[in-house]
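Remarks on the structure that follows.
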Amino acid sequence: MTRFAEATPKDIPLLHTLGVKIFRQTYRQMLSEAQIEYMIEWMYSPTSLKKQMESNNTFYIVYYNETPCGYIGIEQQEETLFHLQRLYLDETMRGKNIGRLMMEKVFDHVRSTSNREATIELNVNRDNKTVEFYKKTGWHIIRSGDFHIGQGYYMTDHIMAIKIT
C-alpha cells in the first residue's frame with residue numbers, strides 16, 4: 001500500500017535522510033562524489049530544506065507499507081506555473097508502480113492548487129534513464145542546457161514540461 005503525507009518542518013530530518021540516501025543512489029553513475037556532496041549540502045541540508053518549505057515549496061513523503069521510501073517536492077513559481085523540484089524513489093522500491101502513483105500525486109497537487117490549466121516543468125539530467133519515464137507519463141523536452149550551480153559544477157539537464165488541466 002502506497003500513501004503520501006505532506007511534510008511539515010518536523011519531517012525535515014526524515015527528508016534529509018531520504019534525500020542523502022536516494023540522491024546518492026540516483027547520481028552515483030552520473031556525477032563525481034564531490035559534486036554529489038556539494039549538491040546534497042545545497043539541496044538537502046536541514047537549513048536548505050527549511051528555507052524551501054518556507055518559500056512556495058510543498059514536500060510529500062512517500063510511504064510503501066508504512067516505510068518511507070521516497071519524496072516529492074513541488075514549487076509554485078506563478079499562479080499557473082509549477083516546478084517539480086524533486087521526485088525520488090529508493091531504488092529498492094522501483095518496479096512496484098510507485099513512480100506512477102507519485103506522478104499522479106504531483107498532478108493532483110497542481111490541480112488542487114491552481115484552478116486553471118497549469119504547466120509543470122522539471123530539470124532532469126540528460127543521462128538519467130528517468131527521462132524515458134517522464135516521456136511515458138506525458139512530459140516533453142522543451143530545452144536543454146548546462147546550468148552552473150557553483151564551485152565549477154554544472155547540471156547538464158533537459159527541461160521538460162507538461163500541461164495539467
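Within the same chain, lysines fewer than 8 places from LYS163 are excluded, and of the rest, those with a Cα less than 24 Å from its Cα are LYS105, LYS129, LYS135, LYS136. The label point for GLU66 and the one for GLU104, both projected 7 Å from the Cα toward the Cβ, are 2.3 nm apart. Calculated FRET efficiency, HIS16 to THR165, Cβ-Cβ distance, R0 = 35 Å: about 0.50 to the nearest 0.05.
What is the Cα radius of gyration of the range 1-79 over 2.2 N^0.38 Å, N being its residue count?
Working: Rg = 13.1 Å, N = 79, 2.2 N^0.38 = 11.6 Å.
So the Cα radius of gyration is 1.13 times the expected 2.2 N^0.38 Å.
Using 0.36 nm per residue and subtracting the Cα-Cα separation, the extra length available between SER48 and ASN97 on full extension is 14.6 nm.
Once the chain from ARG28 to ASP146 is taken as fully extended at 0.36 nm per residue, the excess over their C-alpha distance is 40.6 nm. Taking 25 Å as R0, compute the FRET efficiency from the Cβ-Cβ separation of GLU78 and GLU41 and round it to 0.05. That pair, GLU78 with GLU41, gives E of 0.30. Alpha carbon centre of the range 1-62 versus the range 65-131: separation in Å? So the two Cα centres are separated by 13 Å.
Shape call for the range 13-165 from the C-alpha gyration tensor, a ≥ b ≥ c root eigenvalues: rounded (a/c under 1.5), prolate (a/b greater than b/c) or oblate? Present the calculation step by step, with values, prior to reporting the outcome.
Working: a/c = 1.31, a/b = 1.18, b/c = 1.11.
It is rounded, given that a/c, with a ≥ b ≥ c, falls under 1.5.
A straight Cα-to-Cα reach below 18 Å connects LYS96 with the aspartates and glutamates GLU66, GLU104, GLU132, residues fewer than 8 places away in its own chain not being considered.
FYI, it's all coordinate maths here, none of it is from the lab. Treat the numbers as computed from the prediction; the structure is a model and nothing was measured. Reconstructed Cβ throughout: ideal geometry from the backbone, glycine too, with neighbour counts over all protein chains shown.
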